[in-house]
Each structure stands twice: as C-alpha cells, then as structure tokens.
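Asks: Let me give you the structure first, and then I'll get to my questions.
Coordinate-derived values only; no laboratory data. Since the structure is predicted, the reported quantities are computational estimates derived from the model, not experimental observations. Cβ coordinates were reconstructed from backbone atoms using ideal geometry, including for glycine residues, and neighbour counts include every protein chain displayed.
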Amino acid sequence: MTDAAQAVQQLTQAGSAFAARGWLLGTSGNLSATLAYEPIRLVITSSGQDKGSLSAASFVEVDAAGRVLAGDGSPSAETSLHTVIVRRKEAGSVLHVHSTWATVLSDLYASEGGIAISGYEMLKGFSGVKTHEHTEWLPILENSQDYEKLSRELDQLLIDHPQAHAVLLRGHGIYTWGADVAEARRHVEILEFLLEALGQAHLIRGTRVATERRKDGGR
C-alpha cells in the first residue's frame, strides 16, 4: 500500500513510459494502486484518459464496488477486474496495457488456453523467479463486455493458476500486478519483452520456411 499522492505520481510516470513505447495508445488501458485492503480502496485512472499525459485530475479513488470516493470522473468499466486481482493476489498495484504483441499473440494462442514461455534470462525479472529455466504460463481469458461475468472468470483463472504473474485477455491486452507500482511496472516491461521475443521468433521461423521453400522450388 502507498498514499494517494505517491501512487498518483508513480502511476503517472508509468503511464507516460508505457505510452511512449506504444503500449497505451489512444485512451487504452488502466492503471491502479491499492490504498487499503480492508476494505479495498484503490486509486485508478478515470475513463477516457490519455495515459501519456496523466495528472492528479486523471485519477479517482474507488471502493471494491467501483463507487467513487474521491476525485472527478468515472472509473474504468474494468475496475472490477482490478479489485478481483487485488483481493485474490493481495496486489499493491494492477496495470493493464494494450500492446500489439499481447493483442496478436493472445488471439494466436487462444485455443491453447495460454502461452508457455521458458528459457529466457528475462524471466528472472518476475517476482520469485530465480532461473531462466522457469516456465511462465500466461493464461488467456476470452474477452467480454460483460464485466460481471468476466470478473468471475478472472477470479477462477487466478485460483486455477496461482503461480501466474499475468493474465492475457484475448485480442485485448495484459493484466499484471505487483506488490507495489514499481514491481508491477517491471512485470509489464518483462512481459512485453518476452511477448515480442516470442512474436519475432514466429516471424523469423516463417521467413526461414518460406525461404527454404523457394530454394526447393516451392515443394
């Protein structure tokens, strides 16, 4: 937990950095930090905010039901997903970004129910991971505009995969979390590197196969 002013400053910095990398284009995504657990109280970006130019006025404080306790504006429709993660993972911060690689790969791997990533040194950037031999399973949840239903499904997914550091929404983006904003921000950066590495590997393999076929006369 942290105080509201510090949380807003940290989330503003994270939003600016993520937007600069193309992970929060337009008004996509939402960022939150936990101010209290019992009862839950969050500071979260209000709906329709450009995450690259956030200010103190861009945030609202909400309770577990998404009711605004302080600030102007409306909380994101996805606030309930933040509260599910905070409750289930005791997260100090939840960050949701819409990157190209997360969007494309979550759709590509949807039929497998998730993405397994192993062998990369960057895996050690996840909290509790000590070796590149770790296999990180990123479960994929079908996207929906029914957030009550989606919240229930997310809660069950977190129960089924207690070791996961993130969840992908199909064709949508990443939800990840941490003990505080700094850890959650690190997890976003690690995830984006790993997903891009995986995506680039797919492209390189495809190029090699196409090249070999041309060499073989199309056979």
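Asks: Based on other C-beta atoms within 10 Å, arrange 68, 97, 8 from fewest to most.
Replies: 68, 8, 97
Asks: Related question: So how much slack lies between residue 197 and residue 182, counting 0.36 nm per residue of separation and subtracting their Cα-Cα distance, in nm?
Replies: 3.1 nm
Asks: Sticking with this structure for a sec: Cα-Cα over 23 Å: which of 89/130; 89/149; 51/149?
Replies: 51/149
Asks: Rounded to the nearest 20 debye, what is the charge dipole size of the range 75-219 about its Cα centre when +1 sits on each Lys and Arg Cβ and -1 on each Asp and Glu Cβ?
Replies: Here the range 75-219 has a charge dipole of around 520 debye.
Asks: Around residue 150, what is the net charge, scoring Lys/Arg as +1 and Asp/Glu as -1 over all other residues with Cβ under 13 Å from its Cβ?
Replies: -3
Asks: Now for a separate question. At residue 5 and residue 72, where each label point lies 7 Å from the Cα along Cα→Cβ, what is the point-to-point distance in nanometres?
Replies: According to this spin-label approximation, the distance is 2.1 nm.
Asks: What are the extents of the Cα atoms of the chain along their three principal axes, in Å, largest first?
Replies: Here the Cα extents, ordered largest to smallest, are 67, 34, 34 Å.
Asks: Positive end of the charge dipole of the chain (Lys, Arg +1 and Asp, Glu -1 on Cβ, about the Cα centre): tell me which of 101, 27, 187 has its Cα farthest that way.
Replies: 101
Asks: May I ask you to list the residues of the range 136-166 whose amide nitrogen lies under 16 Å from a point 7 Å from Cα along the Cα→beta-carbon direction of residue 65?
Replies: 148
Asks: Moving on to the next point. In Å, what Rg and Dmax follow from the Cα atoms of the range 1-128?
Replies: Gyration radius and largest Cα-Cα distance of the range 1-128: 15.4, 46 Å.
Asks: Using the number of other C-beta atoms within 10 angstrom as an exposure proxy, rank 89, 124, 130 with the fewest first.
Replies: So the ranking, lowest neighbour count to highest, is 130, 124, 89.
Asks: Let me ask another. Could you list 40, 159, 174 so that the one with the fewest beta carbons within 10 Å of its beta carbon is first and the one with the most is last?
Replies: Starting with the residue having the fewest Cβ neighbours, the order is 159, 40, 174.
Asks: Find, among the GluC sites (Glu not before Pro) in the range 118-153, those assigned to loop by DSSP (not H, G, I, E, B) with at most 14 other beta-carbon atoms within 10 angstrom.
Replies: Those satisfying the criteria are 133, 142.
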